[in-house]
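See below for the structure under consideration.
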Amino acid sequence: MAAALVPETAQRLLTPETLRTAAKQSQGIHLVPLSLRRAIKRYLRDQDKTHMNRKVLLLSASFDRAKGTGAELATAATRGALLDDPNAPSGAEQRAARWKVRSAYGDTGLRYREDETVAYVASRMPAIYAACHRVLREVRRRLPEFVPAKVLDFGAGPSSALWAMRAVWPKSIERVNLVEPSKEMQRAGQSLLDNLKGLPLIHSYGSIQELNRNIEKHERGHDLVISSYALGEIPSLSDRITIVRQLWDLTSDVLVLLEPGTPQGAKIISQMRSYILWMEKRKCRKAEKSSSRPPSNVKSIVSHEASLKNGSFVVAPCPHDGRCPLENSDKYCHFVQRLERTSSQRAYKRSKGVPLRGFEDEKFCYVALRRGKRPEESWPLDGMKFETLKERHAKRKPEDLIIDYDDQFPNEQDEEFPNDGGDSLVPYASDGHELSLFHDSEEAEEEEEQTIRADLGGGWGRIIYSPIRRGKQVQMDVCRSTKRDASEGAFERVVVTQSKNPTLHFQARRSLWGDLWPF
């Protein structure tokens with residue numbers, strides 16, 4: 001009975017006026033919270049900062065080398081190289097070797113030295129935090145009932161994702177398990193979290209095997225499992241698959257994978273997404289076959305409970321669970337988050353002695369998967385009627401044509417000019433001003449999220465690249481679901497004109513890269 005009321009409720013909530021709020025998923029310039037900036041300053045105050053600019057450049061060069069090596073592996077890896085892939089060559093030896101791959105690199109990753117760790121905290125941690133916050137914030141918006149209590153952070157580093165999780169779910173998280181092989185990163189994360197109040201119970205482990213040895217079987221289920229910027233440091237595809245399968249087994253609800261916004265990172269996310277979806281589909285097929293046999297009463301109860309846990313679907317960014325339409329193409333799915341640089345980034349991230357801009361753009365790729373079946377919900381534009389521009393003009397009243405020129409052209413005295421302190425080329429907000437802006441925006445977002453959200457039924461497409469605005473039309477590259485059950489998807493260009501649909505045209509002109517688009 002409750003399921004039958006879902007479409008009516010969705011249509012009642014979503015109107016042409018509220019579509020824009022529901023579709024808004026991108027975030028403007030992100031302001032790193034004051035508590036994290038102070039923690040980074042306090043951490044760097046106790047470290048050796050000699051030749052820090054050179055350390056940051058060397059760290060960046062090491063990332064570029066790892067990126068090049070990973071790109072070669074990603075190019076060599078094909079769809080048939082995935083373990084247990086149905087299109088892979090069959091054979092008795094291969095079937096016997098399934099899930100027995102040695103994780104030579106999976107639990108090791110890059111072991112950061114002390115100087116590399118300090119450079120990472122000073123230059124990369126704020127950007128990683130901003131990307132994690134952007135992704136987890138969308139998970140909260142798409143799943144308002146999801147309130148994680150126990151979380152696992154794989155490849156935790158200096159706990160960038162933990163800071164983001166505490167900002168998104170400040171009161172619900174009770175226990176956090178961190179998996180980080182680098183002892184220097186573990187110490188940096190502990191130092192950054194010192195003197196913070198209201199922290200959950202935190203345990204650090206050097207590998208997934210160590211985590212499994214130290215927790216009971218009934219404690220292995222985590223409401224949220226996140227891996228941020230870690231899978232790209234595993235050079236072997238088979239090891240990467242083994243790690244992701246272990247992370248999925250430790251997930252009781254939502255798994256988030258996050259990688260840099262590069263072709264290599266997009267390839268990794270696409271492969272892991274395809275693998276988990278295929279693995280869960282295989283489990284569902286096996287459960288259906290076993291349920292078709294005449295079992296006993298006890299077995300039927302067990303199989304029914306197991307079937308409820310089987311299955312998976314993509315929460316974000318994909319609006320469908322089919323094959324990625326950008327696979328084997330010259331394009332790749334990625335997004336961008338702009339953040340205001342912290343004082344440590346402005347001090348140490350320099351290019352040939354020239355000061356950097358006051359902000360930077362962090363490109364990232366991600367996927368958020370949830371256990372269970374995708375909910376069947378009505379599409380947002382079902383039952384909606386839109387007027388053309390000609391019909392709208394025909395309904396205008398004479399008093400609506402009066403223009404208030406004072407509102408159209410405000411006086412110069414009414415405009416506010418911010419005080420840059422003399423530095424107009426690279427303006428930086430003060431800590432107090434930045435903190436007030438951050439909290440004001442968060443409070444406004446929380447009020448919107450309580451009433452309006454985009455559902456998971458597959459009727460919302462994803463804007464992959466920046467929309468192109470040409471005159472009175474807007475062109476958008478959208479990844480969308482082509483079936484009502486969201487089993488297949490396609491990548492297509494949507495053109496919205498003002499004359500045919502002024503309401504959607506108004507929304508399209510304000511849509512940004514990463515927002516949703518209704519169908």
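Computed over protein heavy atoms with a 1.4 Å probe, the accessible surface of region 449-519 works out to 44 Å² per residue. Residues Thr497, Thr50, sorted by accessible area with the largest first, give Thr50, Thr497 [1.4 Å probe; ligands and nucleic acids excluded]. What do you get for trypsin sites (Lys or Arg not before Pro) in region 186-249 restricted to DSSP loop and a cutoff of at most 10 other Cβ within 10 Å of the site's Cβ? Sparse-neighbourhood loop trypsin sites (Lys or Arg not before Pro): Lys197.
Among the protein heavy atoms, those of Leu193 account for about 20 Å² of accessible surface (1.4 Å probe, every chain in place).
Of the cross-linked pairs Lys24/Lys472; Lys24/Lys197; Lys24/Lys331; Lys24/Lys283; Lys150/Lys283, those separated by over 27 Å at the C-alpha level are Lys24/Lys197; Lys24/Lys283. With R₀ set to 41 Å, the beta-carbon distance separating Tyr465 from Arg175 gives a calculated FRET efficiency near 0.55.
A 1.4 Å probe, protein heavy atoms only, puts the accessible area of Met125 near 0 Å². Between Ser62 and Lys395, the C-beta separation translates, for a Förster distance of 51 Å, into a calculated FRET efficiency of about 0.20. Simple rule: put +1 on each Lys or Arg Cβ and -1 on each Asp or Glu Cβ in region 201-272, find the dipole, and look at Pro263, Asn214, Leu250; the Cα lying farthest toward the positive end is Pro263. Cys324 exposes around 30 Å² of accessible area when a 1.4 Å probe is run over every protein chain in place.
Among the protein heavy atoms of region 104-220, carbon and sulfur supply 47% of the accessible surface, probe 1.4 Å, non-protein parts ignored.
Can you tell which of Tyr205, Val179, Phe146 lies farthest toward the positive end of the dipole of region 124-219, using +1 and -1 charges on the Cβ of basic and acidic side chains (Lys, Arg; Asp, Glu)? The Cα lying farthest towards the positive end belongs to Phe146.
The values are calculated or read from the model by the stated rules, or taken from the named source; none is laboratory data. As the structure is a prediction and not an experimental result, all values here were calculated from the model. Cβ sites come from the backbone with ideal geometry, for glycine too, and all protein chains shown count toward neighbours. For the accessible areas, the whole protein counts, side chains as well, though only heavy atoms, and no ligand, DNA or RNA atoms are used. Shrake-Rupley method; radii C 1.70, N 1.55, O 1.52, S 1.80 Å.
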